[in-house]
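Shown next, in C-alpha cells, is the structure this report addresses.
Here, each number is a calculation from the coordinates, and none is a lab measurement. All values derive from a computational prediction rather than experimental measurement. Note that we place each Cβ from the backbone using ideal geometry, even for glycine, and neighbour counts take in every protein chain shown.
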Amino acid sequence: MSLVINHNMMAMNAARNLNAAYGSLSTSTRRLSSGLRIGTAADDAAGLAIRELMRSDIATLNQGVRNANDAISLIQTADGALGVIDEKLIRMQELAEQAASGTYNSDQRLMIESEYQAMASEITRIANATDFNGVHLLNGNLSSEEHDGSGLTSTGKIKIHFGSGNDEKEDYYYIRIGDATASALGIGNQSNPATAGYTISTQSAAQHALDALKEAIISKDKIRAQLGAVQNRLENTVSNLRIQSENMQSAESRISDTDVATEMTEFVRNQIMTQTAVAMLAQANSLPQMALQLIQGG
C-alpha cells in the first residue's frame, strides 16, 4: 500500500471496525440493562411476534384466573344465602310438625301459622336480596337454560369465561342457579294456593305441609349440591389456568429474556474490540505524518 496523504485507508478501515464493535457493545449494554434479548424487532423479528402473542395469552389466562375466582366468590355468596334459607325451612318444618298435632286449638294454630308465613316471606326476601356485583342469584334470573349475552344485561344462566379463546368446550361454561323463593319452593302464602305447603292453619293442612317442606328442602339441597360441584370444577380450572400461565411465562422468558452469562461474555468481547479499534484508529491517524517527515527530510 502506498504512503498517501489524501486518503488514509487504514484509518477508514479502523473507523469502520470501531463503529461495528461499538454498535455491538451498545446492543449488549441494552440487553444487559433491560434484561431482554429482544428489545426491538431488529433483534429477532420472528421471536418478537411469538413473544407478543405469548404475552397476550398470558395476560388473558391471568384474567381468566380472576374470572374463575370471581365465579367461586359468586357461588359462595349464593351458598351462604341458601344456608340461611335452609335454617328457615327447618324452622317451618318444625312449625308444621307442631301445628299437625291435635293438642293445639285453632287460635294457637293461627299463631303458629303467623310465624310460618313470616319464615316464608323471609325466604323470599333473602332470595330476592342475594346478589353478587349487582347480579341477583336466587330469584330465578339465573335459572333459565337459555343464555343471551347480546344485551347490556345478560339473561338466563350465567356464563363464566376463563379461556383465551371462544370455544365452548375449552374456554367457558355456564352456571345455572335455581329459583329459591318461597313461591318457587311451593311453600307459604306466596305460592299457589293449591300447593300442600301453602298454609298450616289447620291440622290437615299442616300434615300436608310436612311433605311439601320435605320436597322444598330437597329442591334447595339440589341447588346447593349443583353449586358445590361447580365450585369444585372452578377450583380445578383455576389450578389448571395457573399451570398454563406459568408454563407459558417460562416459554416466553426463554424466547425474550437475556442469558446474562452469555451476554456478559459478549459484552466483554465487544468492549475489548472497541478499545482495540480505538487504539488502532489512533495509530492509523498518525501514519500520514510519516509522509510529512519524508517531505521535511527532503
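Taking Cα atoms, how many degrees apart are the long axis of helix 203-256 and the longest axis of the chain, rounded to 10 and kept between 0 and 90?
Taking Cα atoms only, the helix is inclined about 0 degrees.
Given the C-alpha centroids of the stretch 24-70 and the stretch 275-298, what is the distance between them in whole angstrom?
49
Return Met290, Met264 ranked ascending by Cβ neighbour count within 10 Å, so the fewest neighbours appear first.
Taking fewest neighbouring Cβ atoms as first place, the list is Met290, Met264.
Expected output is a single nm value to one decimal: the length gained when fully extending between Ser114 and Ala46, i.e. 0.36 nm times separation in residues minus the C-alpha distance. What is it?
17.0 nm
Say the dipole of the chain comes from +1 at the beta carbon of Lys and Arg and -1 at that of Asp and Glu; which of Ile200, Ala184, Asn236 then lies farthest toward its positive end?
Asn236
What distance in nm separates the two pseudo spin-label positions at Asp211 and Leu152, each 7 Å out from Cα along the beta-carbon direction?
Label-label distance for Asp211 and Leu152, simple model: 4.9 nm.
So if I place +1 on the C-beta of Lys and Arg and -1 on the C-beta of Asp and Glu, and nothing else carries charge, what would the dipole magnitude of the chain be about its Cα centre? I want it in debye, nearest 20.
1240
Please rank Ile295, Ile243, fewest neighbouring Cβ atoms within 10 Å first, as an exposure proxy.
Ile295, Ile243
Assign unit charges at the C-beta atoms only (+1 for Lys and Arg, -1 for Asp and Glu), then state the dipole size of the stretch 190-298 relative to its Cα centre in Debye, rounded to the nearest 20.
It works out to roughly 380 debye.
Order by neighbour count: Lys159, Lys222, Lys88, fewest other Cβ atoms within 10 Å first, most last.
Lowest count first: Lys222, Lys159, Lys88.
What do you get for GluC sites (Glu not before Pro) in the stretch 168-232 restricted to DSSP loop and a cutoff of at most 14 other Cβ within 10 Å of the site's Cβ?
Here the GluC sites (Glu not before Pro) that fit, given the DSSP loop and packing criteria, are Glu168, Glu170.
Mind checking the full-extension length gain between Asp107 and His136? Use 0.36 nm per residue of separation minus the Cα-Cα distance, one decimal, nm.
6.6 nm
For q values of 0.15, 0.20, 0.23 Å⁻¹, compute log₁₀ I(q)/I(0) with the Debye formula on a Cα-only model of the stretch 161-274, without solvent.
-0.82, -1.04, -1.18
Choose one of Ala45, Met248, Ser26: the residue whose Cα lies farthest towards the positive end of the charge dipole of the chain (beta-carbon charges +1 Lys, Arg; -1 Asp, Glu; about the Cα centre).
Of the listed residues, the answer is Ser26.
Apply 1/(1 + (r/R0)^6) to the Cβ-Cβ distance of Leu294 and Gln271, taking R0 = 51 Å, and write down the FRET efficiency to the nearest 0.05.
Using R0 = 51 Å, I get an efficiency of 0.85.
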